[in-house]
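The structure under discussion appears below in the form of structure tokens.
The values are calculated or read from the model by the stated rules, or taken from the named source; none is laboratory data. Being a predicted model, the structure only gives us computed values, none of them experimental. Please note: Cβ atoms are built from the backbone with ideal geometry, for glycine as well, and neighbour counts cover all protein chains shown. With ligands, DNA and RNA removed, areas are computed over all heavy atoms of the protein, side chains included. Shrake-Rupley method; radii C 1.70, N 1.55, O 1.52, S 1.80 Å.
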Amino acid sequence: MKPDELTVRQKEALEVFKCLTRDLGGPPSSVDVADTMGCDRREAYTFLSALERKGYLKRRARKGHGFTLA
């Protein structure tokens, strides 16, 4: 997928996810993403789910911090 297929906030969520993954040494939680983006956890989860549908993230079954980079 091309990055221009993402909304502005989805692009922001992807960059935040990448930076937090690097800084934390593993996948961040939706709370980490929400805190960094200045939104609530539900909204951050919506962004992460959209990134999964578009092929940028993968979901880890039954794991905390349930998304990883694709």
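The set of residues from segment 28-70 being over 19 Å from residue 7 (Cβ atoms) and either touching a Gly at 6+ places or on another chain (Cβ under 9 Å) or not in a helix (DSSP H, G or I) (or both) comprises 28, 29, 58, 59, 60, 61, 62, 63, 64, 65, 66, 68. For first residues located in segment 18-37 and among the aliphatic types (A, V, I, L, M), partners that are surrounded by fewer than 19 Cβ atoms within 10 Å (Cβ to Cβ) and assigned to a helix (DSSP H, G or I) and lie 6+ apart or on another chain with Cβ distances below 6 Å form the pairs 31/41; 34/41.
Scanning segment 13-59 for residues that are farther than 15 Å from residue 69 by Cβ and touching an Asp or Glu at 6+ places or on another chain (Cβ under 7 Å) yields 34, 37.
Taking segment 28-53 as the range and being touching a Leu at 6+ places or on another chain (Cβ under 7 Å) and open to solvent by less than 70 Å² (accessible area, probe 1.4 Å) as the test, the residues that pass are 28, 30, 32, 33, 48, 51. Scanning segment 16-27 for residues that are outside any helix (DSSP H, G or I) and either hydroxyl-bearing (Ser, Thr, Tyr) or open to solvent by 50 Å² or more (accessible area, probe 1.4 Å) (or both) turns up just one, 25.
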